[in-house]
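Structure first, commentary second.
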Amino acid sequence: MGSIFVTDSADEIDKKIKKAVTDTDGEVRYDWEKKPGITNLLEIYSSFSNDTPQAVAERYTRYGDLKKDLAALIIESLEPIHKRYDELLADPVELRAVVARGAVKASAVAGEVYRRAAQAIGLI
């Protein structure tokens, strides 16, 4: 439950955020030392919204509202990835073509890195 994956469904993301650990006092504020659970959620929100965690915290007085909005933000942000993922899974030919193109690009980069490393340690 402690990780959100880009392939998680909207329901899975919503469930994970709702069950995220916070604390018992109910105050929404950014404080890694005393409130690591809620601060983690504020950091995640910040990374998706480009607002500072402190600015996000100022907008909320209840954990539930923050969690609801955070889940919606993550789901909306990942929607293009989910759409493309579903398209590729539905078209195995295109998926193989994408994988083949990626393998060619990765091989070019990895080959050069390997050559430099091998030369540096005297293998070539």
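Listed values, structure above:
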{"item": "Farthest positive-ward along the chain dipole, Cα basis, beta-carbon charges - from Asn50, Val6, Val113", "result": "Val113"}
{"item": "Gaussian network model of the chain, Cα within-10 Å springs - most flexible of Leu73, Leu89, Leu41", "result": "Leu89"}
{"item": "Simple Cβ-charge dipole of the chain, Lys/Arg +1 and Asp/Glu -1, about Cα centre, in debye nearest 20", "result": "500"}
{"item": "Shape call, the stretch 1-60: gyration tensor on alpha carbons, a/c limit 1.5", "result": "oblate"}
{"item": "Scattering curve values for the stretch 25-78, log₁₀ I(q)/I(0), Debye with Cα scatterers, q = 0.13, 0.18, 0.29 Å⁻¹", "result": "-0.26, -0.50, -1.23"}
{"item": "Set of lysines with alpha-carbon distance to Lys34 below 30 Å, sequence-local pairs under 8 removed", "result": "Lys15, Lys16, Lys18, Lys19, Lys67, Lys68"}
{"item": "Hz values of 3J(HN,Hα) by residue in the stretch 26-34 - Karplus curve (6.51, -1.76, 1.60), Gly and Pro given as x", "result": "x, 7, 8, 8, 8, 7, 4, 6, 9"}
{"item": "Accessible surface of the chain [probe 1.4 Å, protein heavy atoms]: carbon and sulfur percent", "result": "57"}
{"item": "At 1.306 mPa s and 10 °C, Stokes diffusion of the chain via Kirkwood alpha-carbon radius, µm² per second", "result": "90"}
{"item": "Sum of -39500 (n - 2.57) over DSSP H runs of 4+, divided by residues of the chain (222 nm, nearest 500)", "result": "-23500 deg cm²/dmol"}
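The values are calculated or read from the model by the stated rules, or taken from the named source; none is laboratory data. It should be emphasised that the depicted structure is a prediction, and the values quoted were computed from it without experimental measurement. Cβ coordinates were reconstructed from backbone atoms using ideal geometry, including for glycine residues, and neighbour counts include every protein chain displayed. Heavy atoms of the whole protein, side chains included, go into the accessibility calculation; ligands, DNA and RNA do not. Shrake-Rupley method; radii C 1.70, N 1.55, O 1.52, S 1.80 Å.
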